[in-house]
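Structure, as structure tokens:
The values are calculated or read from the model by the stated rules, or taken from the named source; none is laboratory data. Worth saying up front: this structure is predicted, and the values here are computed from it rather than measured. All Cβ positions, even for glycine, are placed from backbone atoms using ideal geometry, and neighbour counts span all protein chains on display.
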Amino acid sequence: MEENIRPPFAVRARPWFIALPALLVLIGILYPFLTAIYYSMTAYALNRPGSVDTFVGLRNYVRMFTSEDFLYSTYITFAYALLATGIELTLGLIVAMLLNRDSRLAKIFTPTLIFPMIIPPVIGTLVWKMMMQPSVGILNPMLNAVGLPSLQWAAAPETALFSVLLVDIWMFTPFVALILLAGLRSFPSAPFEAARVDGASFWFTFRNLTLPMLSPFIIIVVVFRLMDSLKMFDIIFAMTEGGPGNTLMTYQLTAYRTSIQFQRLAQGLPYAILLYIIIYITSMYLIKAWGRAQRRAAGY
Amino acid sequence: MQSKVSNNRLAAILSDGFLGLYFIFALFPLLWMVLVSLKSGEELFTTQFVFTPTLENYQAILFGDPRAAAGVVARQEFPRFFMNSLIVSSGAVILSLLVGVPAAYALARYRFRGKEDLAFTFLSFRFAPELVVIIPLSVLYRQLGLYDTYWGIIWVYQLVTLPLLIWVLRSYFEDVSPDIEQAAMIDGYPWWRIFWSILLPLVRPGLAAAALLAFVFAWNNFIFALVLGGSNVQTVTVSALGYISSAQAFFNRMAAASVLASIPQIVLALSIQRYLIRGLSFGAVKG
């Protein structure tokens with residue numbers, strides 16, 4: 001019977017027909033993506049015409065994996081992403097819980113929370129770069145005022161990662177806090193009142209009520225922050241272009257430097273494609289976990 | 001009881017104290033940016049907070065530097081960069097609206113095979129490392145004559161604006177009860193009339209907010225115009241680097257340009273505050 005009442009083709013094709021303009025844009029984006037995979041298996045260099053026709057198979061990938069900088073690049077990509085996400089999650093959760101109180105200060109501050117994350121990341125980074133600057137900067141005078149020595153910030157290999165992380169944390173903690181605050185405000189008050197009447201401690205309520213109910217929101221925040229910091233380009237590029245030396249050469253910065261700046265297009269692509277694969281797998285996994293957490297939080 | 005009350009007061013004071021410290025951290029750089037933009041070249045190096053404010057930096061970047069010595073770049077091109085940002089960001093949002101609103105409707109209202117895969121493919125634009133697409137595009141654009149053109153940048157900005165609009169709008173469309181449409185369908189209205197005259201007006205506030213947020217993200221973008229644009233389409237974000245990467249660093253000019261490039265963002269964000277959470281989370285958090 002099911003088969004007999006199958007709607008006519010015109011009706012079945014309608015959603016595809018409605019989405020057709022977007023599908024055309026999709027093709028326009030997927031086509032270069034496929035070219036990227038092809039180019040990555042050639043000897044293509046922009047300054048050597050004709051090199052695009054030399055097919056080299058997986059040689060560029062082998063070269064990447066055996067390059068002496070590859071391990072370090074992997075380390076710095078993940079160190080940046082995991083530290084940024086972890087610190088922003090912790091600090092953002094604290095800020096969200098502090099804002100979710102009946103406090104005048106919280107009411108005044110909440111609307112300004114978006115400022116650091118809504119201005120262009122490059123601009124925000126340049127402002128921090130100015131603050132860290134030895135001649136006009138303000139951070140070293142501030143350190144000196146409390147008796148601490150001056151830092152070279154992003155100019156020194158020891159403090160470069162710390163400096164860019166500081167900017168990332170400044171810029172994106174508000175995003176974490178805003179999403180988690182929306183989560184906290186969506187909670188029903190009954191279980192919390194019950195816990196209070198029963199004399200439950202803060203930690204007990206936090207561990208057994210707040211965190212489980214917040215978990216779908218936390219996963220959403222991790223999806224955005226982890227994916228964006230794995231592929232972070234703007235902050236690192238505006239701060240040091242990956243330097244000093246190769247201190248901040250993540251996958252993204254390596255791909256940019258090799259393919260665009262050095263014009264060895266095919267050699268940089270494996271870094272971008274590897275990063276794409278890592279991000280794709282991680283985000284699929286996290287989005288599945290989000291679906292589960294949502295169902296669990298809803299009590300199914 | 002007495003000690004419990006004072007404990008609560010202590011907790012409130014500590015909480016407000018931490019919050020205050022956090023907001024100094026969050027807002028001080030922006031305040032400092034405004035301060036530096038008001039400093040003259042001399043006071044830039046000699047003072048921190050006490051100085052005679054001047055608008056000469058704004059004057060210089062907007063109308064040209066009257067005191068520029070020969071050989072020094074008088075960076076009065078800021079209005080052009082600003083217009084470029086305006087053109088490519090608005091263009092990208094308009095194109096995304098034209099193709100994205102119908103797609104969001106199809107994804108919200110129809111059940112068809114491959115629907116979730118299609119939705120995730122659009123979402124994956126948002127998370128994909130941009131260089132995977134723009135390295136090959138840098139070749140393709142030169143072949144097609146799209147390099148350093150508005151159309152080229154508007155096209156590649158779809159990676160930023162389209163997933164946002166499709167996902168946020170889909171969640172708004174899903175919020176509207178299908179009963180309304182079914183009633184109209186029984187009355188004999190064709191699907192496109194129902195979409196245009198019934199559904200669209202219902203989601204208009206969300207639609208406007210999503211479009212403005214897409215504009216903000218397009219405006220903030222840096223890497224696309226850096227790789228695929230040259231001097232013709234240079235945006236404010238790409239040009240901002242120019243103030244301090246040249247031999248002589250114009251910190252105060254750069255601060256003034258930063259302020260002017262940030263004001264539209266802050267105004268837009270404040271105007272769509274109610275819809276911001278849903279927009280920022282791509283419809284996942286209904287805020």
**Request:** Of all residues in the stretch B:204-233, count the ones that are under 18 Å from A:Ile119 (Cα atoms) and outside any helix (DSSP H, G or I).
**Result:** 2
**Asked** Within the stretch B:1-33, can you find the residues that are more than 9 Å from chain A (Cβ to nearest Cβ) and either among the basic types (Lys, Arg) or in contact with a helix residue (DSSP H, G or I) (Cβ under 6 Å, 6 or more places away or on another chain) (or both)?
**Response** B:Lys4, B:Arg9
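Results for (1) among the aliphatic types (A, V, I, L, M); (2) touching a residue at least 12 places away in the same chain (Cβ under 8 Å); (3) touching a helix residue (DSSP H, G or I) at 6+ places or on another chain (Cβ under 8 Å), shown as yes or no for each residue.
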position	(1), (2), (3)
B:Ala209	yes, yes, yes
B:Leu212	yes, yes, yes
B:Ala218	yes, yes, yes
B:Gly230	no, yes, no
B:Thr235	no, yes, yes
B:Leu241	yes, no, yes
B:Phe251	no, yes, yes
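If I go through the stretch A:79-107 residue by residue, how many of them are farther than 21 Å from B:Asn8 by Cβ and surrounded by fewer than 16 Cβ atoms within 10 Å (Cβ to Cβ)?
To start, the set of residues in the stretch A:79-107 that are farther than 21 Å from B:Asn8 by Cβ comprises A:79-93.
Next, from what is left, pick out any that are surrounded by fewer than 16 Cβ atoms within 10 Å (Cβ to Cβ): A:79, A:82, A:86, A:90.
Selection size over the stretch A:79-107: 4.
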**Prompt:** Yes or no: B:Phe51 modelled with pLDDT under 85, out of contact with any strand residue (DSSP E or B) (no Cβ under 7 Å at 6 or more places or on another chain) and surrounded by 15 or more Cβ atoms within 10 Å (Cβ to Cβ)?
**Reply:** yes
**Item:** Scan of the stretch A:115-136 for residues that are out of contact with any Ser or Thr (no Cβ under 9 Å at 6 or more places or on another chain) and surrounded by fewer than 20 Cβ atoms within 10 Å (Cβ to Cβ), ordered by number
**Value:** A:Gln133, A:Ser135, A:Val136
**Request:** Would you please list the contacts, defined by Cβ atoms under 7 Å and residues six or more apart or on different chains, that run from a residue in the stretch B:111-124 that is in the same structural domain as B:Arg170 (by TED's automatic domain parsing) to a residue that is not hydrophobic (A, V, I, L, M, F, W, C)?
**Result:** B:Phe112/A:Pro15; B:Phe122/B:Pro163; B:Leu123/B:Pro163; B:Ser124/A:Tyr280
**Prompt:** Looking only at residues in the stretch B:255-287 that are assigned to a loop (DSSP other than H, G, I, E, B) and more than 7 Å from every other protein chain (Cβ to nearest Cβ), which one is nearest to B:Trp219 (Cα to Cα)?
**Reply:** B:Ile272
**Criterion: crowded, with 22+ Cβ neighbours inside 10 Å, within 11 Å of chain A (Cβ to nearest Cβ) and assigned to a helix (DSSP H, G or I) - qualifying residue of B:Leu162, B:Leu123** = B:Leu162
**Fill in**
Sole miss for A:Gln263 among (1) outside any helix (DSSP H, G or I); (2) within 11 Å of chain B (Cβ to nearest Cβ); (3) under 19 Å from the mean Cα position of the chain (by Cα) is condition (3)
**Item:** Which listed residue, of A:Ile76, A:Ile29, is in contact (Cβ under 8 Å) with a residue 24 or more places away in the chain and surrounded by 13 or more Cβ atoms within 10 Å (Cβ to Cβ)
**Value:** A:Ile76
**Asked** Do we find a residue being at pLDDT 85 or above, under 14 Å from B:Leu97 (Cβ atoms) and away from every other protein chain (no Cβ under 12 Å) anywhere in the stretch B:186-193?
**Response** no
**Prompt:** Is one or more of the residues making up the stretch B:110-119 within 12 Å of chain A (Cβ to nearest Cβ) and within 18 Å of the chain's Cα centre (by Cα)?
**Reply:** no
**Complete:** Among the residues of the stretch A:185-206, the number that are more than 9 Å from chain B (Cβ to nearest Cβ) and either charged (D, E, K, R) or outside any helix (DSSP H, G or I) (or both) is 9
**Message:** Would you confirm, using the coordinates I've provided, whether A:Ala84 is away from chain B (no Cβ under 13 Å), touching a residue at least 12 places away in the same chain (Cβ under 8 Å) and more than 18 Å from A:Thr250 (Cβ to Cβ)?
**Reply:** no
**Request:** All but one of (1) over 30 Å from B:Ala108 (Cβ atoms); (2) at pLDDT 90 or above; (3) within 14 Å of chain B (Cβ to nearest Cβ) hold for A:Gly50, so report the exception by its number.
**Result:** (2)
**Request:** Consider B:Val101 carefully, then state whether it is assigned to a helix (DSSP H, G or I) and more than 8 Å from chain A (Cβ to nearest Cβ).
**Result:** yes
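If you go through the stretch A:209-252 one residue at a time, how many are part of a helix (DSSP H, G or I) and either more than 18 Å from the chain's Cα centre (by Cα) or modelled with pLDDT under 90 (or both)?
Matching residues across the stretch A:209-252 total 8.
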